[in-house]
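This is the structure, below, for whatever I ask next.
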Amino acid sequence: MKTRSNIQASIGIFDSGVGGLTVFRRIEQALPRESLVYLGDTARVPYGSKSGATVVRYAKTCAKLLLQRDIKMLVVACNTASAYALDALRDNLDIPVIGVIEPGAKAACRHTQTGRVGVIGTRGTISTGSYEKIIRQLRPDCLVYSKACPLFVPFAEEGWTSGPAIHEIAETYLGDLLKNEIDTLVLGCTHYPLLSDVIAEVAGEAVTLVDSAGETARAVAATLEASGLVNTAVARGTLSFLVTDGHTHFREMGEQFLGHPLDTVEWVDVQEI
Ligand code: DGL
């Protein structure tokens, strides 16, 4: 694979909405010298209930929008897009492309003691069986139990992260999964860490929640290193944000979650691509 030599170029990160900020935050913390440009495809969220062909098309347009910003690496901070579109993106792009499923699967294998792992995600991600495949490649002794939880994404996008409504939905989704005596639950959608308090409450103390964000940040650091793309030129990189729909709600949610102001949130026209 060819790589761009401009070490000062940004790392592009995308998701259907605010969920990928859970990955963005860990990359920002781990690699403060890198410039990051985040794209939330808010005009087309959710991805999780769309067909594979549609998600591949959406992912390709997100990549094109980010490539216009001259990125040196692409992080697919969306499990659904990683499940359906990672291979297509890697085939088409001449920069390193990192998804979130392999990192999440690795984290699960490291954490589980009993080898009984639950995976929750969008309908799309769960239907591909991607987590199960990778977890069982890494640890053939593992038993993997999966459940699609489609209503979690609109609650996370709304910032509705506690209260009786989401609690009841979590109980309904997780009830059968928890009967399998799992000790590790993979939050296989980047929106779900926003709901981790309620999910942890329902799952109980015996279950460790695992997500892809930390492991993905480590994979990004390792890939920058291996490709000679580490930005050694500046002390602090820039952070910018793009959305395909209005920016007010995204800005509010983003500032709340990241804990700092979002200086630029720019609308980009997904129709033009
Ligand atoms: N956050 C995304 C994921 O990890 C997509 C959620 C959605 O748009 O349905 O799958």
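Grab the helices (runs of 4 or more DSSP H) fully contained in region 97-151, keeping just those with 1 or more residues being acidic (D, E).
101-111, 130-138
Are any of the residues in region 24-39 in contact (Cβ under 8 Å) with a residue 12 or more places away in the chain, hydroxyl-bearing (S, T, Y) and within 12 Å of the ligand (Cβ to nearest atom)?
Taking every residue of region 24-39 in turn, none turns out to be in contact (Cβ under 8 Å) with a residue 12 or more places away in the chain, hydroxyl-bearing (S, T, Y) and within 12 Å of the ligand (Cβ to nearest atom).
Give me the residue from region 44-92 that is among the polar types (S, T, N, Q) and not in a helix (DSSP H, G or I) and, out of that set, nearest to the ligand (Cβ to nearest atom).
Result: S49.
Please indicate, with yes or no, whether at least one residue in region 134-154 is surrounded by 24 or more Cβ atoms within 10 Å (Cβ to Cβ) and in contact (Cβ under 8 Å) with a residue 60 or more places away in the chain.
yes
Now for a separate question. Considering only region 63-72, I want to know if a residue exists there that is buried (at least 23 other Cβ atoms within 10 Å of the Cβ) and either among the charged types (D, E, K, R) or under 13 Å from the mean Cα position of the chain (by Cα) (or both).
no
In region 225-253, how many are assigned to a loop (DSSP other than H, G, I, E, B) and of a type in the set (G, A, S)?
The number of residues fulfilling the criteria is 5.
If a residue has to be within 16 Å of the ligand (Cβ to nearest atom) and hydrophobic (A, V, I, L, M, F, W, C) to count, how many in region 3-23 make the cut?
Of the residues in that region, 5 qualify.
Bear in mind these aren't lab numbers, they're just calculated from the coordinates by the rules spelled out. Nothing here was measured: the structure is a model prediction, and the numbers come from that model. Glycine also receives a Cβ, built like all others from the backbone with ideal geometry; neighbour counts cover every protein chain displayed.
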